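> Provided herewith is a single structure, encoded as structure tokens, for subsequent inquiry.
The values are calculated or read from the model by the stated rules, or taken from the named source; none is laboratory data. Because the structure is a prediction, the values reported are computed rather than measured. Please note: Cβ atoms are built from the backbone with ideal geometry, for glycine as well, and neighbour counts cover all protein chains shown.
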Amino acid sequence: MATIRQRDGFWEARVRREGWPKISRSFNSKAEARAWASVIESEIERGVFIDRTEAEKNTLGDLLVRYQAEVSCHKKSAEAERYRIAFLLRDDIAKAKVAALSGKLLALWRDKRLKGASGSTTNRDLNLISHVITVARKEWGMPIENPVAMIRRPPENKARKRRLAPGEEERLLDALTAAERDEHGRFTGPQNIWLRPLVVMALETAMRRSELLALDWQDISFADCYARLYETKNGESRDVPLSSRAVATLMALSRDISGKVFPISAFAVNKGFPRAVERAGITNFRFHDLRHEATSRIAEKLDNVLELSAVTGHKTLVMLKRYYHPRAKDLAKKLG
């Protein structure tokens, strides 16, 4: 039986039934409390009752915060996901109650997001929201459907084919060279001494930014000229051969007490690299494009596709083709 009582200016309805959880909720009027209690008792009687308390109490923002604390922190992509979660927490969608999430609401959010972001970025945001809701449903006991599964996904961006044009590498490296102090002790240009060697290593090895930043000095074998990567995107370790230029670049670096080859954060790279690109007068070039450039250069030296994939870490030919962009004039020279 339901119990209705007045408490602190509100009417509280409490439903108790053996074998079912105790359910209570407050209302502004006695009539609303009785109506709610009748619905709950009817659902219990028919065996279709679902406890929506947590879904009605928590917002999507609450789920995102909990997800970051319990799930995201254990991922390899924890740092990148932290920025994505921080963005979503600033968005109005984070204020929506979990019980109110619907396909219509997510579709409206998708369309708004697409006005300021690409299809690929929007899809990554949707993937995160989808996984948060799935974890909440399966592990946190929230009886909610996944509204992301109900909406259309925007098309992914076309694969980038941007490579460095003649002279751009030299200008970029010049823009990355750490500046000297002037007579007043002030820097006259970039201060980060690690960005230039980081870019050189990216061009010589085709390593991802995350792989370069994870490198420890103990992972480098100067005797055999290779670097061992334990944390890679596909979850498998691999040994990356080092060219003479890469070895010389590493040997010129000072050793940081942390043991990291590049003791800087991804945030520092994300801030410093675009500024250097702008100073160099280069347009439409991102740090990840260095991997495209490096893969295409290495492919000119390694004709065997298996050897090339061993260097880059691509597991399929389809993925490898997304990063190999030979210039038509170079292929014409090979044809004779």
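> Quick one: count up the residues across the stretch 72-102 that are within 19 Å of the chain's Cα centre (by Cα), among the hydrophobic types (A, V, I, L, M, F, W, C) and within 21 Å of T121 (Cβ to Cβ).
First pass over the stretch 72-102, keeping only residues within 19 Å of the chain's Cα centre (by Cα): 72-91, 93-94.
Filter once more, so that each one left must be among the hydrophobic types (A, V, I, L, M, F, W, C): 73, 78, 80, 85-89, 93-94.
Filter once more, so that each one left must be within 21 Å of T121 (Cβ to Cβ): 78, 80, 85-89, 93-94.
So the count comes out to 9.
> Could you tell me whether the stretch 187-197 includes any residue that is closer than 30 Å to Y230 by Cβ, under 23 Å from the mean Cα position of the chain (by Cα), at pLDDT 90 or above and aliphatic (A, V, I, L, M)?
yes
> What is the one condition in (1) without any contact (Cβ under 8 Å) to a residue 12 or more places away in the chain; (2) among the charged types (D, E, K, R); (3) not in a helix (DSSP H, G or I) that R162 does not satisfy?
Only one criterion in (1) without any contact (Cβ under 8 Å) to a residue 12 or more places away in the chain; (2) among the charged types (D, E, K, R); (3) not in a helix (DSSP H, G or I) is unmet by R162, namely (1).
So that you can scan it fast, the table gives a plain yes or no per residue for (1) modelled with pLDDT of 90 or more; (2) among the aliphatic types (A, V, I, L, M); (3) surrounded by 14 or more Cβ atoms within 10 Å (Cβ to Cβ):
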position	(1), (2), (3)
T59	no, no, yes
E79	no, no, yes
S102	no, no, yes
A117	no, yes, yes
N123	yes, no, yes
N127	yes, no, no
E139	no, no, no
R160	no, no, yes
E169	yes, no, yes
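> I need the helices (runs of 4 or more DSSP H) fully contained in the stretch 236-327, keeping only those with at least 1 residues that are in contact with a Phe, Trp or Tyr (Cβ under 6 Å, 6 or more places away or on another chain) and over 30 Å from E81 (Cβ atoms).
Answer list for the stretch 236-327: 289-301.
> Hey, another quick one. Could you list, in sequence order, all residues of the stretch 90-117 that are assigned to a helix (DSSP H, G or I) and touching an Asp or Glu at 6+ places or on another chain (Cβ under 7 Å)?
The initial filter retains those residues of the stretch 90-117 that are assigned to a helix (DSSP H, G or I), namely 90, 92-95, 98-100, 103-114.
Hits for the stretch 90-117 are A99, R113.
> Then there is this: Could you list, in sequence order, the residues of the stretch 240-269 that are without any contact (Cβ under 8 Å) to a residue 60 or more places away in the chain and surrounded by 14 or more Cβ atoms within 10 Å (Cβ to Cβ)?
L242, S243, A246, V247, T249, L250, L253, K260, V261
> Condition first: under 17 Å from L198 (Cβ atoms) and either at pLDDT 90 or above or not assigned by TED's automatic domain parsing to the domain that holds S309 (or both). Now tell me which residues in the stretch 216-235 satisfy that. Step through it out loud before you land on a result.
Let us first name the residues in the stretch 216-235 that are under 17 Å from L198 (Cβ atoms), namely 216-217, 219-220, 227, 229, 231.
D216, W217, D219, I220, A227 - these are the residues of the stretch 216-235 that are under 17 Å from L198 (Cβ atoms) and either at pLDDT 90 or above or not assigned by TED's automatic domain parsing to the domain that holds S309 (or both).
> Before we move on, is G9 in contact with a Leu (Cβ under 6 Å, 6 or more places away or on another chain) and modelled with pLDDT of 70 or more?
Values: in contact with a Leu (Cβ under 6 Å, 6 or more places away or on another chain): no; modelled with pLDDT of 70 or more: yes.
It is false that G9 is in contact with a Leu (Cβ under 6 Å, 6 or more places away or on another chain) and modelled with pLDDT of 70 or more.
> Has the stretch 284-300 got at least one residue that is without any contact (Cβ under 8 Å) to a residue 24 or more places away in the chain and over 16 Å from M207 (Cα atoms)? Before you say what the answer is, go through the steps one by one.
Taking the stretch 284-300 as the starting set, the residues that turn out to be without any contact (Cβ under 8 Å) to a residue 24 or more places away in the chain are none.
Within the stretch 284-300 (the criterion being without any contact (Cβ under 8 Å) to a residue 24 or more places away in the chain and over 16 Å from M207 (Cα atoms)), the answer is no, since none of the residues qualifies.
> Name every residue in the stretch 118-159 that is more than 30 Å from L320 (Cβ to Cβ), without any contact (Cβ under 8 Å) to a residue 40 or more places away in the chain and assigned to a loop (DSSP other than H, G, I, E, B), in order of residue number.
E139, E145, N146
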